[in-house]
Amino acid sequence: MTSGVTNVSVAQVPPGTSLFRARGTSSDIEARPITAVLPLPVRLNSAAPRRYYLYLMAPAIAVLAFISLYPFVWLIVMSLQDVGVGAGEWVGLKNYTRLFNDVRFLEGWVLLAQYSAMCLALQLSIGLLLAVIVNGARWEKFLVTALLMPMMMAPAVAGLVWLFLYNGTFGWYHWLFQSLGWLDSGSILSSTDTAMLAIVLVDVWQWTPLITLIALAGLKRVPQDQLEANMVDGASPLRNFFAITLPNLYPVLLIAIMLRFMDNFRFIDAALVLTGGGPADSTKILPIYLFEVAFKFFKLGRGAAIALTLLVVTIILGKLLVRIFEKPKSERV
Amino acid sequence: MASRDVVQYKSPLVVAFKIFSVIFLTVYLIWTLLPIFVMFVSSFKDLLEAFNIPEVGDWAGVTVFFDFTPTLKHYHSLFYDNNFGEYMANSLIAAGGSAVIAVTFGSMAAYSLSRVEFRGKGDLFFWIISTRMAPVVAVMVPLYAIFRSFDLIGTLPGLILAYTTFNLPFAIWILKGFFDNVPYSIEEAQMVDGATRFQAFMSILPLVAPGIAAFIVLCILFAWNDFLFAAIIGSGGAKTLPVATRELVQPQNIQWGAIMAAGVVTTLPMMLLGLVIRKYLVTGMTMGAVKE
């Protein structure tokens, strides 16, 4: 595609022959009969755009390569080494084989699964209920604004505020739980039975609004005519909800679930501040354990092996998520 | 709704749900706003007053919460004894710097990704998005080793670069959605009129400007609220607000008043910014998957 002949011969070039193709030009033209192809300015289909777009992309790709690709290679190399504060030495697969005998590593996965499941179940049910209640309410705008306030708070700060509220001598929530008879004595954070619940509650407090916001956006797109038609046929509001509203919400809720699931892997700020994995490792979900191994004991090699397992799981989850994202626009909400 | 006349609308179930929803909403609003409220109020309390709580089961005693003389001494101690001014500047530079880098490079990349097709584009995309979704602790392990060898630990440039690991992929991913919505024919028309490709790109920027501005703010929010990167990569020279707040917790002496004041200083600007970009919040927080 170099000379001026290109003007007319565009249609004969099958897509994919050139590495780059300007969007909205050749593919549209191909659909039309050749006779309808009008001569275009040469510049549009010359080789220039390809290079031009590459130049525009280059800085971002270069930065990303340095802070994402290069570290990833490093991570693999490190996982095969015994790296501490100084330079590493090769140890082969020892870091990995040790993981299978590491109780806290395996336990960390179990706790992470429990933690995520509890957070999700609570957030999803409360968030959905809230969205249904708030949707179309008189003060909707105000209510939603009030609800999303916790999301703006730094998770570490949220953790500290809740540490204050949970405190066994002067915490208001401690007082509340005791007054309601839910807690005997001792702080909610100091018992192995309740510590996990405590950090789940903080996550629920901070991120339920996100589910509500997502569900609310979905609710606005539920076809009203279907609801009305169903009502005319005598369906109860409850039946309407399960027959029409919920199926329509399904795609957005799926996105919400995936996002929250991955964020539970991503963020440990609040949990780190609140319990740091204790008491007696009862809240040591895998990312916290990894944090400890890598940045408290500075066993970076072992940390790298753990990080790699965590990354693999996240990438699989991400692949699933992207598949949902990339559905055709018409199916998407 | 027209169907209201046709169908029996106020069944006992509906009435019960209405009552339930009012109660539920009230309880939830209290539960969601109470921690923020307690943080604000406690930051103006003297330490002894902040520790004042009623006896267990004494519901009428709740009023002791409002029983205090407001003081600004915690804020004073933050800025005069604790260098919070400097930490705030660090937060601002780190968050702002990474946001500007992310959105500048991101919009260029997003634009070209939106306008061009090539083999492996899907894979490139997946790489970009998985960078954003990788667990922070996992990313930090190799990043720490690399930054150590470049002497970037404890410096603001290091922290800016660290924040870019999540902000740049975010910006590319989100802004591509924006550029996808701008028809190519606008640029084509510009180019037919003799504009160069770069001029054509510049000519559509005003169309996406509000979105770009909103996502600069969102990038700042993500970076400002980060704790892990700042605690490890920024440890030493580049202390940010969340880390500084966390450091007020010392084993023997937890300065609760100062912590609450620091919490307010950290949270308040972000809450205000959040209100400003309210319209883009859902799109931003769901990586563009859900539009409001």
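The values are calculated or read from the model by the stated rules, or taken from the named source; none is laboratory data. Note that the structure is a prediction, hence the values are computed from the model and not measured. Neighbour counts are summed over all protein chains in view; Cβ atoms, including those assigned to glycine, are modelled from backbone coordinates with ideal geometry. For the accessible areas, the whole protein counts, side chains as well, though only heavy atoms, and no ligand, DNA or RNA atoms are used. Shrake-Rupley method; radii C 1.70, N 1.55, O 1.52, S 1.80 Å.
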Check your understanding: For peptide A:211-222, how many partner chain Cβ atoms fall within 10 Å of a residue's Cβ, on average?
Key -> 2
Exercise for review: Normalising by the residue count of segment B:30-102, find the relative contact order in percent from Cα pairs under 8 Å and 6+ residues apart.
Suggested key: 25
Revision key, fill the gap. A chain fully extended from B:ASP67 to B:LYS121 at 0.36 nm per residue, minus the present Cα-Cα distance, gains in nm 13.2 nm
Revision key, fill the gap. Over segment A:237-333, the quotient of the Cα radius of gyration and 2.2 N^0.38 Å is 1.49
Study note, to complete from the structure: Set B:LYS121/B:LYS176; A:LYS220/B:LYS291; A:LYS141/A:LYS220; B:LYS121/B:LYS291; A:LYS319/B:LYS121; B:LYS176/B:LYS291, cut-off 18 Å on Cα-Cα distance; pairs above it are B:LYS121/B:LYS291
Exercise for review: Report, please, the projected area of segment B:2-71 averaged over directions, based on the convex hull of its C-alpha atoms, in nm².
Suggested key: 7.8
Revision key, fill the gap. The lysines whose Cα lies under 20 Å from the Cα of B:LYS73, excluding any fewer than 8 residues away in the same chain, are B:LYS45
Practice item. Normalise the Cα radius of gyration of the protein assembly as shown by 2.2 N^0.38 Å (N = residues in it) and let me know the number. Key: 1.06
Exercise for review: Using a 1.4 angstrom probe, figure out how much accessible area the protein assembly as shown has per residue, in square angstrom, rounded to the nearest whole.
Suggested key: 43
Exercise for review: Note down, for segment B:163-247, the three equivalent ellipsoid semi-axes (square root of 5 times each alpha carbon gyration tensor eigenvalue), biggest first, whole angstrom.
Suggested key: 39, 11, 10
Point to revise | Folded to 0 to 90 degrees: helix B:197-224 orientation relative to chain B principal axis, Cα | key: 20
Revision key, fill the gap. Shape descriptors of segment B:137-282 over alpha-carbon atoms, Rg and Dmax in angstrom, are 20.3, 72
Check your understanding: Once every DSSP H run of n ≥ 4 in chain B is given -39500 (n - 2.57) and the sum is divided by its residues, what mean residue ellipticity at 222 nm do you get, rounded to the nearest 500 deg cm²/dmol?
Key -> -23000 deg cm²/dmol
Check your understanding: What does a probe at A:ILE324 reach in segment A:245-279, counting residues whose amide N is under 11 Å from the point 7 Å along Cα→Cβ?
Key -> A:250-262
Review point. Just for the Cα atoms in chain B, what are the lengths along the principal axes, largest first, rounded to whole Å?
Key: 77, 73, 33
Check your understanding: Based on Cα positions only, what radius of gyration and what Dmax would you give for segment A:97-325, in angstroms?
Key -> 20.4, 67
Revision key, fill the gap. For the pair B:GLU55 and B:ASP193, the simple spin-label estimate (label points 7 Å beyond Cα toward Cβ) gives in nm 8.1
Check your understanding: Using a Förster distance of 25 Å, how high is the FRET efficiency between B:VAL22 and B:LEU275, based on the Cβ-Cβ distance and rounded to 0.05?
Key -> 0.45
Check your understanding: Considering every residue in B:143-150, what mean count of other chain Cβ atoms within 10 Å of its Cβ is obtained?
Key -> 5
Check your understanding: Averaged across the residues of A:260-270, what count of C-beta atoms belonging to other chains lies within 10 Å of each residue's C-beta?
Key -> 4
Check your understanding: When the Debye formula is applied to the Cα atoms of segment B:72-191, each taken as the same point scatterer, what base-10 log of I(q)/I(0) results at q = 0.09, 0.12, 0.22 Å⁻¹?
Key -> -0.39, -0.61, -1.21
